[in-house]
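Please read through the structure below; I'll follow up with questions.
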Amino acid sequence: MTDHLTHLADAEQRTFAPSDAFRAQAIADEGIYREADADRLGFWADRARDLHWHRDFTEVLDWQPPHARWFADGQLNVAYNCLDRHVEAGLGDRVALHWEGEPGDQRTITYAELTDEVKRLANVLRAHGVGDGDRVAIYLPMLPEAVAAMLACARIGAIHSVVFGGFSASNLRMRIDDAKATFVITADGTWRKGKVFPLKPVVDDALREPGHDVSGVLVVRRGENEVEWFEGRDRWYHEAMAEVEADHEAQGFDAEHPLFILYTSGSTGKPKGILHTSGGYLTQAAFTHRTVFDLHPETDVYWCTADVGWITGHSYVVYGPLANGATQVLYEGTMDTPGPERPWELIERYGVTIFYTAPTAIRTFMKLGRQHVQSSDLSSLRVLGTVGEPINPEAWMWYREVVGSNLTPIVDTWWQTETGAMMIAPLPGVTALKPGSAQVPLPGIAIDVVDDAGTPVTDGSGGLLVVTEPWPSMLRTIWGDDDRYRETYWEKFGDRYFAGDGARKDDDGDIWLLGRVDDVMNVSGHRLSTAEIESSLVAHESTAEAAVVGASDETTGQAVVAFVILKARFADAQSVEESEATLREHVGTDIGKIARPRQVFIVPDLPKTRSGKIMRRLLRDLAEGRDLGDTTTLADQGVVEAIRSQLR
Ligand code: WTA
């Protein structure tokens, strides 16, 4: 992947400067970089003061590497900032959410209505004994209630842990256990690909074995599918909401009060609980959302297609947009239901002006053909964004020409679950855009590309991406495992943050992201760990040994490819096709559909070095159908031929 992207980076010559008309109305100009460079901490303090503080801060940053505290003596309420503040400013009638269900049902929710919903839900949580610092697992689809649930936790100082609705019961349980969650919010089911997909049964399965601390499960009615009911534990959302007071006063919490934990894959099997706190996180989520998308909240209609189960859904569906008083579209279902015209119809129907999605989605639509896009009127669009993986220049150009009528700026935004908010991105009214590059660190963000020894590389060379100064929305630690936090991000370069991504500075000093340098795969913009999928495969009774690699894939960026050695008695009893299908399904149920390998190859052996390490590079070459490079370190030269003969 990296070589291919390096080549693209070096070959790309096109640039697209902002039009005069765009520049004239843009909320930021070049001056913003000068302002941040002149006084970085002052710059962030000013951004923080765009929020409402219950108690103002006097201290901006306390940096004891690798631990940062931002605005630490200030107090704020994150939900108040996203809701009440706008209502009190007379904007209660502004639409917060244009929600559309997959079957086509619609709900319009104003800021006043969302504020009421969250106040009530805060009271429901309190009535169920959820308090300041308690962990709440949220296993909800894209419903307004998911947004409300996150904000209700924030409002009372509870820490939410949203688990993507596509994750399996055992994955949900792992997250519930690690965070010691005491309460779960879910739905009976949700519409996905034209059918009701049950969610509550997954929660029931996750909680079936004792040993957890969950005492209550609140269930939103959506799918109307039949569900088992556990008296004393389960409550319907609508019933609980009808029983509580409508009023709730938001109290201030310390800026460093934990806001949420979000699990993400690392290079070992166990997901990491990334911890984010309140003041710094909200400051950077709101600032970047406003500035990178050139948000004019009075007139813009914004749509981010990410699920709330991922960081993009946290920062750019919930916290950033709502802190900015934006009007947005929230869509329940899959993009191609009932057909590939669905997203474009949504854009036309709601007059979407800012659209934020993943390169995989763009490549998928590109393959299906422009006619599905062009049957809708997309003239309302004025800013497009991408996130989650590198975007190839060809997809970038298609996005601009076909979706953006050949005029719309595209902001390619680089960031991570750990960074909390965008870090590298062009500004649409300032930057001359280059297809395929995220280009420049945002104002107030300090980034470099260094070699393995930590020395910055010169323009025109590649290396590893580091963040050289702490930033407001940075992760504070890994929940329950500060040692892992230190080792993963800080051990390599001291007080510089190691992102785990390869990057290149082009001759102008612009940054091109080249993909992960660790054992993390990026499939359709979702992070998956090779080790996690390997342990899932090995847990299956038929598997003797397994190795997983991310192979490049035209649509999904990377795809999961597994090589498995079967135990002898299974190898004899089943056809290769049966074994492959069984193992794919096994990973799909064990972890979740997104982790299901594209291919499972049953092989007689795995290529290993003389010291016994699996040679993943070789496996990746095999999976990508490339010529093998140097194989002289292989312990057994015959292994590769034996594997190759199995690949179809
Ligand atoms: C990758 C998603 C290239 C990168 C917000 C990073 C990107 C990982 C981009 C984080 C981009 C994200 N260009 N690569 N614009 N954005 N990535 O935690 O490898 O799900 O480390 O956060 O996605 O994925 P995560």
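The values are calculated or read from the model by the stated rules, or taken from the named source; none is laboratory data. Here the structure is a predicted model, which means the values were calculated and not measured. Cβ placement follows ideal geometry from the backbone for every residue including glycine, while neighbour counts extend to all protein chains displayed. Heavy atoms of the whole protein, side chains included, go into the accessibility calculation; ligands, DNA and RNA do not. Shrake-Rupley method; radii C 1.70, N 1.55, O 1.52, S 1.80 Å.
Out of everything in segment 606-645 that is at pLDDT below 75 and open to solvent by less than 70 Å² (accessible area, probe 1.4 Å), what residue ends up being farthest from Ser552 (Cα to Cα)?
Ala635
Is it the case, given these coordinates, that Arg486 is buried (at least 22 other Cβ atoms within 10 Å of the Cβ), closer than 23 Å to Leu465 by Cβ and of a type in the set (Lys, Arg)?
no
Please verify whether Arg107 is in a helix (DSSP H, G or I) and either assigned by the TED database to the domain that holds Val217 or among the hydrophobic types (A, V, I, L, M, F, W, C) (or both), treating the condition exactly as stated.
So Arg107 does not fit the description; no.
Tell me the strands (runs of 3 or more DSSP E) entirely within segment 456-534 that contain at least 1 residues that are modelled with pLDDT under 95 and within 12 Å of the ligand (Cβ to nearest atom).
511-516, 520-523, 526-529
Exactly one condition in (1) open to solvent by less than 70 Å² (accessible area, probe 1.4 Å); (2) touching a residue at least 12 places away in the same chain (Cβ under 8 Å); (3) in contact with a strand residue (DSSP E or B) (Cβ under 6 Å, 6 or more places away or on another chain); (4) not small (Gly, Ala, Ser) is not met by Leu76; state its number.
Every condition holds for Leu76 apart from (3).
I've got another one for you. Inside segment 144-186, can you point out the residues that are assigned to a helix (DSSP H, G or I), surrounded by fewer than 22 Cβ atoms within 10 Å (Cβ to Cβ), of a type outside the set (A, V, I, L, M) and in contact with a helix residue (DSSP H, G or I) (Cβ under 9 Å, 6 or more places away or on another chain)?
Scanning segment 144-186 gives Pro144, Ser170.
Looking at (1) in contact with a strand residue (DSSP E or B) (Cβ under 8 Å, 6 or more places away or on another chain); (2) surrounded by 18 or more Cβ atoms within 10 Å (Cβ to Cβ); (3) not hydrophobic (A, V, I, L, M, F, W, C), which one does Ser552 not meet, given that it meets all the others?
(2)
Of all residues in segment 368-405 being within 13 Å of the ligand (Cβ to nearest atom) and over 25 Å from Gln25 (Cβ atoms), which is surrounded by the fewest Cβ atoms within 10 Å (Cβ to Cβ)?
Within segment 368-405, the match that is surrounded by the fewest Cβ atoms within 10 Å (Cβ to Cβ) is Pro393.
Restricting the search to segment 415-450, which residues are near the ligand (Cβ under 9 Å from one of its atoms) and either open to solvent by 20 Å² or more (accessible area, probe 1.4 Å) or part of a helix (DSSP H, G or I) (or both)?
Trp415
Quick check on segment 1-59: of everything there that is closer than 30 Å to Arg617 by Cα and of a type in the set (A, V, I, L, M, F, W, C), which residue is modelled with the lowest pLDDT?
Looking at the filtered set, the residue picked out is Met1.
Let me ask something else about it. In a helix (DSSP H, G or I), within 23 Å of Phe260 (Cβ to Cβ) and under 26 Å from the mean Cα position of the chain (by Cα): does that describe Ala79?
Yes.
Here's something else I'd like to know. Please tell me if Thr408 is farther than 30 Å from Ala45 by Cβ and part of a loop (DSSP other than H, G, I, E, B).
Considered against the rule, which asks whether it is farther than 30 Å from Ala45 by Cβ and part of a loop (DSSP other than H, G, I, E, B), Thr408 comes out as yes.
Just to verify a result, which residue in segment 266-278, among those that are open to solvent by 10 Å² or more (accessible area, probe 1.4 Å) and modelled with pLDDT under 95, is nearest to the ligand (Cβ to nearest atom)?
Applying the filter and picking the extreme gives Ser267.
When you go through Val517, Val457, Val467 one by one, which is the residue that is surrounded by 15 or more Cβ atoms within 10 Å (Cβ to Cβ), more than 25 Å from the chain's Cα centre (by Cα), not acidic (Asp, Glu) and not assigned by the TED database to the domain that holds Gly388?
Of Val517, Val457, Val467, the one residue that is surrounded by 15 or more Cβ atoms within 10 Å (Cβ to Cβ), more than 25 Å from the chain's Cα centre (by Cα), not acidic (Asp, Glu) and not assigned by the TED database to the domain that holds Gly388 is Val457.
Here is a list of conditions, (1) away from the ligand (no atom under 16 Å from the Cβ); (2) free of Cβ contacts under 8 Å to residues at least 60 places away in the same chain; (3) surrounded by fewer than 19 Cβ atoms within 10 Å (Cβ to Cβ), and Thr408 meets all of them except one; can you say which number that is?
Of (1) away from the ligand (no atom under 16 Å from the Cβ); (2) free of Cβ contacts under 8 Å to residues at least 60 places away in the same chain; (3) surrounded by fewer than 19 Cβ atoms within 10 Å (Cβ to Cβ), only one is false for Thr408: (3).
Give the residue, chosen from Pro441, Pro426, Pro456, that is in contact with a strand residue (DSSP E or B) (Cβ under 8 Å, 6 or more places away or on another chain) and free of Cβ contacts under 8 Å to residues at least 12 places away in the same chain.
Only one candidate qualifies: Pro456.
Separate question: What's the number of the only condition in (1) among the basic types (Lys, Arg); (2) open to solvent by 40 Å² or more (accessible area, probe 1.4 Å); (3) in contact (Cβ under 8 Å) with a residue 24 or more places away in the chain; (4) over 22 Å from His238 (Cα atoms) that Lys195 fails to meet?
Of everything listed in (1) among the basic types (Lys, Arg); (2) open to solvent by 40 Å² or more (accessible area, probe 1.4 Å); (3) in contact (Cβ under 8 Å) with a residue 24 or more places away in the chain; (4) over 22 Å from His238 (Cα atoms), Lys195 misses just condition (3).
When segment 12-63 is examined, which residues are found to be in contact (Cβ under 8 Å) with a residue 60 or more places away in the chain and of a type in the set (Lys, Arg)?
Arg14, Arg23, Arg40, Arg47, Arg55
Kindly list the number of the only condition in (1) over 19 Å from Gly612 (Cα atoms); (2) polar (S, T, N, Q); (3) outside any strand (DSSP E or B) that fails for Gln558.
The single condition Gln558 does not satisfy is (3).
Let me ask something else. For Glu578, all conditions in the list (1) among the acidic types (Asp, Glu); (2) away from the ligand (no atom under 16 Å from the Cβ); (3) closer than 25 Å to Phe498 by Cβ hold save one; what is the number of the exception?
If we test Glu578 against (1) among the acidic types (Asp, Glu); (2) away from the ligand (no atom under 16 Å from the Cβ); (3) closer than 25 Å to Phe498 by Cβ, just (3) comes out false.
Evaluate the following for Asp377: is it charged (D, E, K, R), touching an Asp or Glu at 6+ places or on another chain (Cβ under 9 Å) and either on the phi < 0 side of the Ramachandran plot or part of a helix (DSSP H, G or I) (or both)?
So Asp377 passes the test.
I would also like to ask the following. So which of Thr458, Thr431, Thr417, Thr488 is of a type in the set (Ser, Thr, Tyr) and within 17 Å of Tyr33 (Cα to Cα)?
After ruling out the rest, the residue left standing is Thr431.
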